[in-house]
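A short worksheet on the structure shown next.
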Amino acid sequence: MTMDSTSVEGWTRLRMEQDGPVATITLDRPEVLHALDARMFDELERAFGELDAAAEVRVILLTGSGDRAFAAGADIRGLVDTDEVSGRGVSERGQAVFNRIDRCGKPVIACVNGVALGGGCELALACTMRIASEAAKLGFPELKLGLIPGYGGTQRLPRLIGRSAALRLMLTGASADANEALRLGLVDEVVPAAELMPHAQAVARKIAGMAPLAISGLLEAVRRGLEVPLHEGLRAESEVFGRLCATADKREGLRAFLEKRQAHWAAK
């Protein structure tokens with residue numbers, strides 16, 4: 001299925017496509033390097049809601065159109081007239097949408113094809129994993145504007161790369177190139193620009209071949225475990241493990257292994 005950005009579907013900021021079990025969301029405001037405005041947040045929320053509910057979709061890719069930007073950050077024009085109350089509202093809205101992505105029941109792979117700065121980098125951090133092209137640049141320039149990252153960056157970045165490295169990146173406002181981002185653990189892989197989407201598709205299809213209930217269960221167990229002390233995380237793991245043991249897919253997976261054949265998942 002292909003969902004275009006015409007008024008028929010109501011998309012003005014992004015495109016959605018589906019190829020078998022893999023869906024791709026492409027940010028599409030090239031004239032402003034896919035800057036994140038209120039309409040973009042609305043469309044991202046709607047797109048992830050629709051794809052999360054689509055049983056045939058197993059993995060979601062997220063990227064920007066063209067080869068210059070994943071997302072350059074927040075649309076600065078929308079921040080000029082904010083005050084304390086409205087500014088907090090802007091931050092909370094961005095956090096809510098990115099939490100929706102972070103808590104999606106399906107893996108989301110950020111395909112970072114160019115600059116991912118400020119809110120754009122926070123968007124990538126909300127994804128399950130990040131694959132970058134060699135041309136990628138990631139960073140947080142908010143302090144240069146008299147602000148801080150407001151869409152989850154101050155919380156997700158230290159959890160991903162550690163407190164000291166995160167603070168250095170945010171306090172200096174420096175951009176990390178693809179290799180530095182890989183060294184820091186900010187991205188998981190770096191590939192040539194021409195190979196970014198084919199490689200991400202291949203990773204997505206490998207994941208999509210796994211048991212769908214186990215995929216969502218794994219995401220749930222890891223997410224819940226990171227939010228609580230270890231003993232509570234272990235309890236969450238056992239709960240998810242036990243729930244999966246009662247599924248038809250678990251029975252099919254074990255039979256397929258013992259019979260040395262490919263499993264056929266029913267998501268039941």
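Picking from Gly120, Gly89, Gly66, Gly94, which residue would you name as being in the same structural domain as Gly150 (by TED's automatic domain parsing) and not in a helix (DSSP H, G or I)? Steps first, answer last, please.
Working: Gly120 fails: not in a helix (DSSP H, G or I); Gly89 fails: not in a helix (DSSP H, G or I); Gly94 fails: not in a helix (DSSP H, G or I).
The match here is Gly66.
Could you list all residues from the stretch 242-252 that are out of contact with any helix residue (DSSP H, G or I) (no Cβ under 8 Å at 6 or more places or on another chain) and surrounded by 11 or more Cβ atoms within 10 Å (Cβ to Cβ)?
Just the residues of the stretch 242-252 that are out of contact with any helix residue (DSSP H, G or I) (no Cβ under 8 Å at 6 or more places or on another chain), to begin with: 242, 245-246, 248, 251-252.
Result: Ala248, Arg251, Glu252.
Scan the stretch 161-181 and report the pairs whose first residue is closer than 15 Å to Gly114 by Cα and assigned by TED's automatic domain parsing to the domain that holds Ala136 and whose second residue is buried (at least 16 other Cβ atoms within 10 Å of the Cβ) and aliphatic (A, V, I, L, M), with Cβ atoms within less than 6 Å and a gap of 6+ or a chain change.
Ala176/Leu138; Ala178/Ala132; Ala178/Ala136; Ala178/Val190; Ala181/Leu138; Ala181/Val187
Mind checking whether some residue in the stretch 92-114 is within 28 Å of Val57 (Cβ to Cβ), small (Gly, Ala, Ser) and modelled with pLDDT under 95?
Yes; the residues of the stretch 92-114 include at least one that is within 28 Å of Val57 (Cβ to Cβ), small (Gly, Ala, Ser) and modelled with pLDDT under 95.
Would you be able to say whether some residue in the stretch 130-148 is in contact with an Asp or Glu (Cβ under 9 Å, 6 or more places away or on another chain), more than 26 Å from Asp83 (Cα to Cα) and either among the polar types (S, T, N, Q) or modelled with pLDDT under 95 (or both)? Write out each step before concluding.
First pass over the stretch 130-148, keeping only residues in contact with an Asp or Glu (Cβ under 9 Å, 6 or more places away or on another chain): 130-138, 140, 148.
When the remaining residues are screened for being more than 26 Å from Asp83 (Cα to Cα), the result is 130-138.
Right, trim to either among the polar types (S, T, N, Q) or modelled with pLDDT under 95 (or both) and you get 133.
Scanning the stretch 130-148, I find at least one residue that is in contact with an Asp or Glu (Cβ under 9 Å, 6 or more places away or on another chain), more than 26 Å from Asp83 (Cα to Cα) and either among the polar types (S, T, N, Q) or modelled with pLDDT under 95 (or both), so the answer is yes.
Does the stretch 66-75 contain any residue that is surrounded by fewer than 23 Cβ atoms within 10 Å (Cβ to Cβ), of a type in the set (Lys, Arg), closer than 21 Å to Gly139 by Cα and in contact with an Asp or Glu (Cβ under 9 Å, 6 or more places away or on another chain)?
No, because not a single residue in the stretch 66-75 is surrounded by fewer than 23 Cβ atoms within 10 Å (Cβ to Cβ), of a type in the set (Lys, Arg), closer than 21 Å to Gly139 by Cα and in contact with an Asp or Glu (Cβ under 9 Å, 6 or more places away or on another chain).
Provide a single number: the residues in the stretch 165-181 that are of a type outside the set (S, T, N, Q) and more than 17 Å from Leu147 (Cβ to Cβ). Before the answer, list the steps.
Step one: of the stretch 165-181, the residues of a type outside the set (S, T, N, Q) are 165-171, 173-174, 176-178, 180-181.
Going one step further and asking which of them are more than 17 Å from Leu147 (Cβ to Cβ), we end up with 165, 168, 176-178, 180-181.
Qualifying residue count, the stretch 165-181: 7.
Can you tell me which condition Ala211 does not meet? The list is (1) out of contact with any Leu (no Cβ under 9 Å at 6 or more places or on another chain); (2) touching a residue at least 12 places away in the same chain (Cβ under 8 Å); (3) more than 30 Å from Leu157 (Cβ to Cβ), and all the others hold.
(1)
So, in the stretch 145-199, exactly how many residues are closer than 29 Å to Asp37 by Cβ and among the polar types (S, T, N, Q)?
Of the residues in the stretch 145-199, 4 are closer than 29 Å to Asp37 by Cβ and among the polar types (S, T, N, Q).
Within the stretch 241-256, count every residue that is assigned to a loop (DSSP other than H, G, I, E, B) and of a type in the set (A, V, I, L, M).
So in the stretch 241-256, the residues assigned to a loop (DSSP other than H, G, I, E, B) come out as 246-247.
Adding the requirement that they be of a type in the set (A, V, I, L, M) leaves 246.
Number of matching residues: 1.
What do you reckon, is Met40 modelled with pLDDT under 95 and of a type outside the set (S, T, N, Q)? Break it down into steps so the answer makes sense when it comes.
On the way: modelled with pLDDT under 95: no; of a type outside the set (S, T, N, Q): yes.
No: the conditions fail for Met40.
With respect to the numbered conditions (1) assigned to a loop (DSSP other than H, G, I, E, B); (2) closer than 11 Å to Leu125 by Cβ, which one is the sole condition not fulfilled by Gly150?
(2)
Please work out which one of (1) touching a residue at least 24 places away in the same chain (Cβ under 8 Å); (2) assigned to a helix (DSSP H, G or I); (3) closer than 26 Å to Ser133 by Cβ; (4) under 17 Å from the mean Cα position of the chain (by Cα) is the condition Pro158 fails and give its number.
Checking Pro158 against (1) touching a residue at least 24 places away in the same chain (Cβ under 8 Å); (2) assigned to a helix (DSSP H, G or I); (3) closer than 26 Å to Ser133 by Cβ; (4) under 17 Å from the mean Cα position of the chain (by Cα), the one that fails is (1).
Only residues in the stretch 120-138 that are touching a residue at least 40 places away in the same chain (Cβ under 8 Å) count as the first member; pair them with residues that are of a type in the set (S, T, N, Q) and surrounded by fewer than 24 Cβ atoms within 10 Å (Cβ to Cβ), Cβ under 7 angstrom, at least 6 apart or cross-chain, and list the lot.
What qualifies is Lys137/Ser175; Leu138/Ser175.
What number of residues in the stretch 36-63 are closer than 16 Å to Ala124 by Cβ and either part of a loop (DSSP other than H, G, I, E, B) or polar (S, T, N, Q) (or both)?
Of the residues in the stretch 36-63, 1 are closer than 16 Å to Ala124 by Cβ and either part of a loop (DSSP other than H, G, I, E, B) or polar (S, T, N, Q) (or both).
Scanning the stretch 123-142 for residues that are in a loop (DSSP other than H, G, I, E, B) and either over 26 Å from Arg58 (Cα atoms) or small (Gly, Ala, Ser) (or both), which turns out nearest to the chain's Cα centre (by Cα)? So that I can check it myself, show each step before the final result.
Filtering the stretch 123-142 down to residues in a loop (DSSP other than H, G, I, E, B) leaves 126-128, 134-136, 140-141.
In the following step, the residues that additionally are either over 26 Å from Arg58 (Cα atoms) or small (Gly, Ala, Ser) (or both) were identified as 126, 134-136, 140-141.
On the way: Ala126: 5, Glu134: 19, Ala135: 19, Ala136: 16, Phe140: 17, Pro141: 20 Å.
If we take residues in the stretch 123-142 being in a loop (DSSP other than H, G, I, E, B) and either over 26 Å from Arg58 (Cα atoms) or small (Gly, Ala, Ser) (or both), then Ala126 is nearest to the chain's Cα centre (by Cα).
The values are calculated or read from the model by the stated rules, or taken from the named source; none is laboratory data. If you're wondering where the values come from, they're calculated on a predicted model, not measured in any experiment. With ideal geometry, Cβ positions are generated from the backbone for all residues, glycine too; neighbour counts draw on all protein chains shown.
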